[in-house]
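This report concerns only the one structure given below.
What follows is calculated from the coordinates using simple rules that are stated; it is not laboratory data. The structure presented is a predicted model; accordingly, all values stated were derived computationally and were not measured. Methodologically, a virtual Cβ is constructed for each residue, glycine included, from the backbone with ideal geometry; neighbour enumeration extends over all protein chains shown.
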Amino acid sequence: MFDVGFWELALIFVVALVVVGPERMPGLIRTTGQWLGRMQRVARELRSEFEREAHTQEFKALNREFLEEDRRLKELARNPLGAPTSREAALEQAAAAEPAPLAEAAAGEPADAVAVAATTTPAAPASKAGDPA
């Protein structure tokens, strides 16, 4: 964080010794050490709290995925063939399996247009004059 070398620390020590005096210097060093220790503890606690919160969020996401997969597998175990288990699910599955012409008719096209489209066949390709058919 701070790039403080030996000479910078020596200069700080000499200035503190001149300003504070030799009789109060041990108390100043002790107090400074205590404050530095407290700051380190607070920084360590914050870092561990952030890591714990990150792990908590990760575990919540994994738990949510696990419970979702568990629910899906339990449903599959109850109903291995994929048949709907409720009336609403049966209706939804039947609606999804509805043939295309009936679905188009239900979408609003006239029924006779659907019937005409279903009965007409594509035209055969025209044969060329020299090709035997």
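Before moving on, here are some points about what is shown:
- Net charge, R78 excluded, C-beta distance under 13 Å - Lys, Arg +1, Asp, Glu -1: +1
- Low-density loop cleavage sites - chymotrypsin sites (Phe, Trp or Tyr not before Pro) in the range 1-94, where at most 14 other Cβ are within 10 Å (DSSP): F2
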